[in-house]
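Worksheet: one structure, shown below.
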Amino acid sequence: MISNLAFTTPLLLAALVALPILWWLLRAVPPAPIKRRFPGIALLLGLKDDESQTDTTPWWLMLLRMLAVAGLIIGFAGPILNPEDRQPGNGPLLIVMDGSWASARDWPARTARVETVLAEAARDGRPAAILKLTDPQADALDFVAADALSPQVAGITPDAWFPAGNLAEQIETITEGATFDTVWFSDGLDHPARTDVAALFEAKGALKVIQSGRPAFALRPARFEGSDVAITAIRADADGARELTLTALGPDPNGVEQELARAIATFAAGETEAEVVLALPTELRNRIRRFEISGVRSAGAVTLTDDALKRREVGLLASNDGQEAADLLSPLFYLRRALVPTADLIDGTLEDMLLASPDVLIMADIATLSEDETATLTDWVDEGGLLVRFAGPRTAASDIEVNDPLMPVRLRAGGRSVGGAMSWGEPKTLRAFTRDSPFFGLPLPEDIEVVSQVVAQPDPELAERTIASLADGTPLVTRRQFGEGQIVLFHVTANAEWSTLPLSGLFVQMLERLAISTRPAELTIEDLAGTTWQPEDVLDGYGRVRSADALAGIPGELLVERDLGPDLRPGLYSNDDRRVALNVVSAEQVISPAAWPDTVMVEGIVTAEETPLTGLLLTGALALLMIDILASLWLGGRLSMKKPATIAVAILALALPQMAEAQAAEERALEATSEVVLAYVKTGDTALDRVSRQGLEGLSFSLFRRTSIEPAAPIQVDLETDELSFYPLIYWPITEDQPTPSSEAYTKLNRYLRTGGMIVFDTRDGNLGGFGSSSPRGRKLQALARPLDIPALEPVPSDHVLTRAFYLLQDFPGRHAGNSVWVESAPADAEQADGIPFRNLNDGVTPVLIGGNDWASAWARDENGRPLFPVGRGFGGERQREMSVRFGINLVMHVLTGNYKSDQVHVPALLDRLGN
Amino acid sequence: MNQDPAINPAGLRHRAEAHASAFPALLAEAEHLAATVLLGDHGRRRSGMGDEFWQYRPAVSGDPQRTIDWRRSARGDEQFVRQKEWQAAQSVMFWVDDALSMTFTGGDDRPTKGHRARVLALALCVLLNRGGERFGLANRGTPPRRGEAQLSRIAGHLMAPAGDSDYGTPNARVLPAGSRAVFLSDFFGDPDPVSEALTRATDRGVKGTLIQILDPDEEAFPYDGRTVFETMSGNTRFETLKAGNLKDAYLKRLADRKAHLQDLCRATGWRYLCHHTDTGALKALMWAYRALDHAQ
């Protein structure tokens, strides 16, 4: 505070020395006597004053005067709060921008400040250069005229990564020999190179750091916690509790990107991590493409999901003759062991499993299928299914030379046996995978032996379809594209009968590479060695997903190293059917606030404005002198005490305006009556009450923007304790378990309804089962409304004033649409005049409006004005939301203006009369 | 040219006109006040010497024959005596304090004590005039008479400029024996002349009423702080550093003064009223009128 204070004429402060002298002087002079003519003096004569202490001025009056005089002196000395120390610098100026994702949250403010700095440099005639640490230029810095740089500032965008670790050397080379002052726009987060770079800049000249005070948030990648998805939000500073809304986004069944789930992450005070666990249906979870912190514009606040978050549904089918085989001999035993941790397994008959539309179907040694089964299976594969088949004695024995469409290759009958007791050769080992194979790069364990296999017919396409083969070149795994899907055949059994492959780790890795099982969360070099990954989507610094068509593929090893930069952008990378998300924030990453050396000047982005305090101090001093006048008059008995109340009010109003503290209820009443306020009933359900509040806030916001109604923040009313008559409209959402109001509350409600109030009942269930009939909330509504004095109701007629109070509407949707909404019925004798589309309806406002469209959720907006709840789907849904807002506006208009719009039926008559 | 307005003819005329203009106003105010008192309450209501018919009563033995009203008696066999209402005229003398102390008022919203005293006196005169009594002003030795001319005369005397002394003393020598008297003053002056006047008046068979007229400020003493008090003429000064501290002592002395006046009245058979200028004059008027009436 003091450091932010400066004086224009500090010498004047010397006059403060005179204050003690003034004190002494004032103290010596008592207040002048007042002369009064008074006949009663005859009775006074001879009386004696018993004390003589009022001879001098009382100390508090002295203090008051001293303060006033001190205020005057200090005021005239010209104090200025937050003075701008505009010392014109000289020499080149380097503007350094962190440019990381963390600075994206207030990038416009940053660029605006950069432009101010550049403008200042231009005024001082300093050459300047801009250096973005996330993407430093390679050649030496080139200082140019500062105003020439200004146009470039708008073109600088934040990147989705942190500055590189070896930044200090890079900068050293490009700033070789130059001296300059530095203004560093920091994102406020620590990173490894920061200290070195700061030291470097300090060595070159003065360093000033400008960083924003806005908290930085980031999301760690989502991961599995049992069968639920856990996602962790992190933040840099641990001050205070804070809630964040996390949303999961992904395509809906129609392929339109939608919000699929939402959760609230709560940071406890002092915690930098907040974990949310989402229990989602598999089908929904597999569609999630990314998680976002809603309302935070930064790549760190977005985390893309990949295969690690998908669990494929795998159907397992084995031939079963009813024989009781030992577990270890079961054809599916090893598959189960391999798949259970990473996939959702389905068992059952083929038909049942296909109904569940699995991603993968594994058939172990099933040779013959009925025609129906073949047909449905073919369709399924054609639509994108992955059929994996394992060979076995049955396959070998079956008459398989017929071209089975569900086999990738034609097989020779009988198979072959190598290295068995009855054969000559050694058991075969595997040949290294070729580059075309999806298994390329997987290390081959030495101990894999194949003793039996089925053998493919030689075929021109055989080589191309083979993705793994034995050392002698016979195919071990073959694959064929079939429509959208593919068919894979392991030429060995799924158990250890024919080979040791199912016993090895390679088996698991192969399943994973075939995208049958989900890969473990952690990538390893081996997993990715030798693969090339094509970026599908990349994130920009703001966290927006950009298409990556123009970017080249990258080797898989780089994905593990995670050295994010211009060459390895965060995003979603794919290889065949596998996808890997490279997120800005890794699973263990911690973000912490930047620590700067004491020698560095740190400033906020938004500087406090220079405020001259002279006026304030002089006003204060004058006010004190006014009080002094009153006090002196009072002391001298000159102040008429016949009206003590008015004088007290005058003094209070002058000196202590805020002392007049009213009761809480009064404040509330004032709050409710000084502006239009929408109200909602407290139901006791915290989440629902919050939705009601947010809904009415959203509606108030829309009203404020679109109409001349400018409501204040909505107020929650407790039916039992609060006065209702202040509110034009009360929104009452119905829950099954809300308490029934007491009879006093009903009296109040009835009085409210009779005197022109309006209650909007919302069952929020979309009128399932029709109005008031069988839904639990409908019954609750009936129970709640029974004691209320509600007139006869009817569904809103098409000529009701609600349909044209502000917008022309015929439907009143909320989150639900198309349900009838009930209002007070029109009088039976309402007539329709000639040529007028509306009946001449009753006066006044309908006291109740009953519906179940969950309007508050459709109106609800967060503090940034973004809708909180999805409505409908796609553009149709947005249209529905718009309509629901329009309904809200019509509703409030109707409440506030009554049947004003209905009166327009008389317009033709009026015009007629005017014309004559 | 002599600029003393008291001698300067123009100044004299100016003052005369000012007073003359105020005089009908005073009279009008008094008439107005008196008009609120309904007649019918004022008659003697007893038979006696007078001109007005009072009642016929049956003659009883012992009535002189000439008192029998023959016209009434001729209508029947009984004899009636015609009685007249008793109409002994009273003399009521007023002393209205015209000292400077009576020119005081504590606020703009109420009249001076002197004004209130004059209005009360004149209104009483109007009522007495209507009741056929005689009245006079003891200040100037005006002999008691009746009639509109006497009213005008008294009003003129009341409008005369105030005396130059701070406090007034009642003049009891001019009171006719057996008459009634009304003294209107604040009685802030020396109490001895008052008691002397009262005893002397009682000696001459004069009974009457003391009306002490006080300003509310004199009753409440709402002063504080360093103050110099002066009499209305400015001849006497009293300085205090903290007037508020003197309040209790002042109020006690005021109460003593009132008690002294009441004792005096009790001893002499007079009646005492303390009237404040912030209350309406009518109440005091009614009280005084009834007091005069009952004293008979």
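Listing for the model above:
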read-out	value
Residue under evaluation B:Gly168, criteria (1) small (Gly, Ala, Ser); (2) within 14 Å of chain A (Cβ to nearest Cβ); (3) over 22 Å from B:Lys113 (Cβ atoms), criterion not met	(3)
Residue in region A:125-143 that is among the small types (Gly, Ala, Ser) and part of a strand (DSSP E or B) present	yes
In region A:431-465, the residues that are under 52 Å from the mean Cα position of the chain (by Cα) and in contact (Cβ under 8 Å) with a residue 60 or more places away in the chain	A:Arg435, A:Pro438, A:Phe439, A:Phe440, A:Gly441, A:Leu442, A:Pro443, A:Leu444, A:Pro445
Check on B:Arg200, out of contact with any Cys (no Cβ under 9 Å at 6 or more places or on another chain), surrounded by fewer than 20 Cβ atoms within 10 Å (Cβ to Cβ) and in a helix (DSSP H, G or I)	yes
Subset of region B:234-259 [in contact (Cβ under 8 Å) with a residue 12 or more places away in the chain, farther than 27 Å from B:Leu273 by Cα and more than 7 Å from chain A (Cβ to nearest Cβ)]	B:Asn235, B:Gly244
Selected residue (only one of A:Gly165, A:Gly155, A:Gly125 is on the phi > 0 side of the Ramachandran plot and either among the aromatic types (Phe, Trp, Tyr) or free of Cβ contacts under 8 Å to residues at least 60 places away in the same chain (or both))	A:Gly125
Members of region A:181-196 found to be in a helix (DSSP H, G or I) and among the charged types (D, E, K, R), listed by number	A:Arg194, A:Asp196
Criterion violated by B:Ala74 - all others in (1) surrounded by fewer than 17 Cβ atoms within 10 Å (Cβ to Cβ); (2) among the aliphatic types (A, V, I, L, M); (3) under 30 Å from A:Phe38 (Cα atoms) satisfied	(3)
Selected residue (criterion: surrounded by the most Cβ atoms within 10 Å (Cβ to Cβ)) from residues of region A:140-152 that are closer than 26 Å to A:Trp101 by Cβ and touching a residue at least 24 places away in the same chain (Cβ under 8 Å)	A:Leu149
Matching residues, region B:91-115, being more than 14 Å from chain A (Cβ to nearest Cβ) and under 30 Å from A:Arg37 (Cα atoms)	B:Phe94, B:Trp95, B:Val96, B:Pro111, B:His115
Which listed residue is in the same structural domain as B:Leu210 (by TED's automatic domain parsing), assigned to a loop (DSSP other than H, G, I, E, B) and not basic (Lys, Arg), from B:Gly76, B:Gly141, B:Gly136, B:Gly114	B:Gly141
Subset tally (residues that are closer than 16 Å to B:Arg257 by Cα and assigned to a helix (DSSP H, G or I)) for region B:180-197	6
Evaluation of A:Arg37 against (1) more than 7 Å from chain B (Cβ to nearest Cβ); (2) modelled with pLDDT of 80 or more (one fails), failing number	(1)
Extreme residue, nearest to the chain's Cα centre (by Cα), among residues of region B:158-199 that are modelled with pLDDT of 80 or more and of a type in the set (D, E, K, R)	B:Arg180
Condition met for A:Leu551 (farther than 21 Å from A:Arg194 by Cα and assigned to a loop (DSSP other than H, G, I, E, B))	yes
Identity of the residue in region A:737-780, loosely packed, with under 15 Cβ neighbours inside 10 Å and closer than 18 Å to A:Leu849 by Cβ, that ends up modelled with the lowest pLDDT	A:Gly770
Cross-chain or 6+ apart pairs with Cβ under 8 Å, region A:1-21 first and on the phi < 0 side of the Ramachandran plot and of a type in the set (S, T, N, Q), then at pLDDT 85 or above and assigned to a helix (DSSP H, G or I)	A:Thr9/A:Phe76
Complete set of residues in region B:217-233 that are touching a residue at least 60 places away in the same chain (Cβ under 8 Å) and more than 7 Å from every other protein chain (Cβ to nearest Cβ)	B:Asp217, B:Ser233
Whichever residue in region A:626-653 is more than 54 Å from the chain's Cα centre (by Cα), more than 14 Å from chain B (Cβ to nearest Cβ) and at pLDDT 75 or above and, among such residues, is nearest to A:Trp60 (Cα to Cα)	A:Asp628
Region A:90-105: number of residues that are assigned to a helix (DSSP H, G or I) and either in contact with a strand residue (DSSP E or B) (Cβ under 9 Å, 6 or more places away or on another chain) or of a type outside the set (A, V, I, L, M) (or both)	4
Qualifying residue in region A:108-131 (condition: more than 22 Å from A:Thr175 (Cα to Cα), crowded, with 20+ Cβ neighbours inside 10 Å, out of contact with any His (no Cβ under 6 Å at 6 or more places or on another chain) and assigned by TED's automatic domain parsing to the domain that holds A:Ala206)	yes
Residues within region B:134-153 that are surrounded by fewer than 20 Cβ atoms within 10 Å (Cβ to Cβ) and aliphatic (A, V, I, L, M), tallied	1
Test: residue in region B:83-90 that is more than 14 Å from chain A (Cβ to nearest Cβ), charged (D, E, K, R) and exposed (fewer than 14 other Cβ atoms within 10 Å of the Cβ)	no
Scan of region B:275-291 for residues that are more than 14 Å from chain A (Cβ to nearest Cβ) and out of contact with any Ser or Thr (no Cβ under 7 Å at 6 or more places or on another chain), ordered by number	B:His275, B:Thr279, B:Gly280, B:Ala281, B:Lys283, B:Ala284, B:Leu285, B:Met286, B:Trp287, B:Tyr289, B:Arg290
Members of region B:203-216 that are within 14 Å of another protein chain (Cβ to nearest Cβ) and in a helix (DSSP H, G or I)	B:Pro216
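The values are calculated or read from the model by the stated rules, or taken from the named source; none is laboratory data. This one's a predicted model, so the numbers in the text were calculated from it and none came from an experiment. In this analysis, Cβ positions are derived from the backbone assuming ideal geometry, glycine residues included, and neighbour counts consider all displayed protein chains.
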